[in-house]
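Single-structure report; data block below.
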Amino acid sequence: MRLQHAILADMRFQIKHGFYLVYVIITVMYLIILSFLPEKVLSVLLPVVVFSDPSVLGLFFIGGIILLEKGQGVLMVLVVTPLRSVEYILSKVISLSIISVAAALAISWFSYFPSVNWVLLILSTILTSGIFTLLGIMINAGCNTVNQYMLKTIPYMLLFIIPCLALIGFPYSWLFTIVPSVAALKLMLGVYHGIIWYEATALVVYLFIVNYILLRFAVRVFESKIVYQD
Amino acid sequence: MIQITLFRNDIKQILRDPVMTLLLVAPLLLIIVFKIVEVVLIPFLMQKTGFDVMPYASYVFSFILLMNSGMLGIVTGFMMLDERDGNIAQLLEVTPLGRSGYLINRLSFASILSILYCLVSFAVFRLAELPFYSVILFCLLSAIYTAIIGLLIYSGADDKVKGLTYAKGLNSLVLFAFTDLFALNWLTFISWFFPPYWITMMIKSPYSFTYACIAMLVHVIWLGFLIFRYAKRES
């Protein structure tokens, strides 16, 4: 019940701050660009677009959200409310995932791509979004300004994005699937190109485990370095 | 004199803060990345798929210029938002510098950097066929575009999160640099009112006096409107 209320409050906050509106604009922008691409190029670019923007939006926004709430004293109040840190973090992750899923569904639906595995699309977007939002919470520790946060995200982004080039394919490139972003992109490609059920299941389970581990870490970092920082 | 002193202090402050220094050299990294793409990826793409990027070179260059100026504008916008949250902006406004002085100081710093990176971009991508006055004009337009983005974030956003939303939305403006490719009349018409479209047009037709005038006019109108809105809001 507490979590449900926290999610609703976060969604209201996000609507008020124009998250949904800006994603409507961005989705329209992508749709215009994608509509001009031949199907062969679209089949490669569509998963990359869904993976690189809607799925990663949590990383972009979470830094500002936490810095703002810290500045407004929300985090100090949080300590004396029944809402636990894990619920606070889960509420952020789930509410941002909702925008990710909505944008991913809209881009995929209006691109009129012939074969989309909708269930897998929702699952992979939620799991990818979760990873990046939780990563953002951990990066946020020690940051006092948005510029600091943005700069700190660059090495993490490189660390997560460069291994994705392994999907081009070279000897032993499958080993890179251990990197969560590579596993997530592999799953996202499977959404549009088809994927064997046991491979999809393995990737979903793996990403779920990564999310769980990151959540545990994020709670620890959030409590020790963000809430009790001062 | 106050402006120069503050400007000098700003440089000192930025050089002392490694985060700000890195953020301000970030456009240089972007130029290096695009140069690597030009040298390595484009020939690779040509060899593997037969896809030639060269016909789209003007769009790519326009994208690089806009990304550089936009990035500096976003960094400046957030710097000013942080200063507003920390009440530093209010403190500076009651000094002889004043409110407008504060704004000019912050925006001109980013704009000068934008001019510098514009020149670096021209040197790195060897666009020698462009006339000298075009290069000067591009530098001016880049400087104005940086100020526009910085002002859009600072005057539009009430807090950091809204600033991020604005920054995300403002990235979409770059789409207008490519609308010429889509050949959609309604989209081209909308693009006329946005600076990125005219940057591409000027790169495509560097000798066109009409494009140069319209580009300058669109940029100046945007800047003027945003300064007016800021002044009205603050008063």
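The values are calculated or read from the model by the stated rules, or taken from the named source; none is laboratory data. Bear in mind the structure is a predicted one, so any value in this text is a computation, not a measurement. Glycine gets a Cβ as well: all are built from the backbone with ideal geometry, and neighbour counts include every protein chain shown. Ligands, DNA and RNA are stripped out before the accessible areas are found, and what is left, the full protein with its side chains, is counted by its heavy atoms. Shrake-Rupley method; radii C 1.70, N 1.55, O 1.52, S 1.80 Å.
With θ taken as phi - 60° and the Karplus curve 6.51 cos²θ - 1.76 cosθ + 1.60 applied, the whole-hertz 3J(HN,Hα) list for the stretch A:37-43 is 8, x, 4, 5, 6, 4, 5 Hz, x standing for glycine and proline. Dipole of the stretch A:2-227 computed with +1 at Lys/Arg Cβ and -1 at Asp/Glu Cβ about the Cα centre; of A:Pro171, A:Asn144, A:Ser35, farthest Cα towards the positive end is A:Asn144. For chain B, the relative contact order comes to 22 percent (Cα pairs under 8 Å, sequence separation of at least 6). The mean number of Cβ atoms from other chains found within 10 Å of a Cβ in peptide A:16-28 is 4, as a whole number. How far is helix A:19-35 tilted, in degrees, relative to the longest principal axis of the Cα atoms in chain A, given as a value from 0 to 90 rounded to the nearest 10? In chain A, helix A:19-35 runs at an angle near 10 degrees to the longest axis.
Measuring r between the beta carbons of A:Ala141 and B:Ile221 and using R0 = 56 Å, the FRET efficiency lands at 0.80.
If you plug the beta carbon distance of B:Thr95 and B:Leu184 into 1/(1 + (r/R0)^6) with R0 = 60 Å, you get a FRET efficiency near 0.75.
The angle separating the long axis of helix A:146-161 from the principal Cα axis of greatest extent in chain A is about 40 degrees. Computed with a 1.4 angstrom probe on protein heavy atoms, the B-A interface buries about 2300 square angstrom of accessible area in total. Using a simple spin-label model with pseudo-atoms 7 Å out from Cα toward Cβ, B:Ala57 and B:Asp158 lie 4.9 nm apart.
Taking each DSSP H run with n ≥ 4 as -39500 (n - 2.57) and averaging over every residue of chain A yields -25000 deg cm²/dmol at 222 nm. Legend: residues in the stretch A:134-151 shielded by at least 30 square angstrom of accessible surface upon adding the remaining protein chains to the isolated chain (1.4 Å probe, heavy atoms) are A:Val146, A:Asn147, A:Gln148, A:Met150, A:Leu151. Taking the longest Cα principal axis of chain B as reference, the axis of helix B:195-204 is set at about 40 degrees.
Give the aspartates and glutamates reachable from A:Lys225 as a straight Cα distance under 17 Å; neighbours fewer than 8 places away on the same chain don't count. Excluding near neighbours in sequence, the set is A:Glu69. Model label sites at A:Trp109 and A:Leu158, defined 7 Å from Cα along the beta-carbon direction, differ in position by 3.9 nm. Size descriptors for the stretch A:2-227 (Cα atoms only): Rg and Dmax, in that order, 17.7, 56 Å.
Ligands, DNA and RNA left out, the accessible area of chain B computed with a 1.4 Å probe is 74% carbon and sulfur.
Suppose R0 equals 35 Å; then what is the FRET efficiency for A:Ile32 and A:Leu3 from their Cβ-Cβ distance, rounded to the nearest 0.05?
On the way: r = 38 Å, r/R0 = 1.07.
The value I calculate is 0.40.
Largest mean-square fluctuation among B:Lys35, B:Lys168, B:Lys12, in a Gaussian network model of chain B whose springs join Cα atoms under 10 Å apart, belongs to B:Lys12.
Loop-only chymotrypsin sites (Phe, Trp or Tyr not before Pro) in the stretch A:57-125, please: DSSP not H, G, I, E or B, and at most 16 other Cβ atoms within 10 Å. Don't skip to the end; give the middle numbers.
Numbers: sites: A:Phe60, A:Phe61, A:Tyr88, A:Trp109, A:Phe110, A:Tyr112, A:Trp118; in loops: A:Tyr112.
Listed in order of number, the matching sites are A:Tyr112.
Taking only the C-alpha atoms of the protein assembly as shown, the Rg (one decimal) and the largest Cα-Cα distance, Dmax (whole number), read 22.9, 71 Å. Spin-label model, B:Ile214/B:Val40: points 7 Å from Cα along the beta carbon direction are separated by 3.9 nm.
Would you tell me the mean number of C-beta atoms belonging to other protein chains that fall within 10 Å of each C-beta in B:152-164, as a whole number? It would help to have the intermediate numbers written out before the result.
Values: counts 0, 0, 0, 0, 0, 3, 1, 6, 12, 16, 6, 4, 15.
Per-residue shielding by partner chains comes out at 5.
In the stretch A:12-107, taking the dipole from charged Cβ atoms about the Cα centre, the farthest positive-side position among A:Gln72, A:Ile98, A:Leu57 is held by A:Gln72. Size descriptor for the stretch B:2-234, Kirkwood hydrodynamic radius: 18.7 Å (Cα pairs only, one decimal).
Give me the accessible area per residue for the protein assembly as shown, probe 1.4 Å, as a whole number in Å².
Details: 22350 Å² over 465 residues.
Result: 48 Å² of accessible area for each residue.
Of all the options A:Gln72, A:Gln14, A:Gln148, the one that moves most in a Gaussian network model of chain A with Cα springs shorter than 10 angstrom is A:Gln72.
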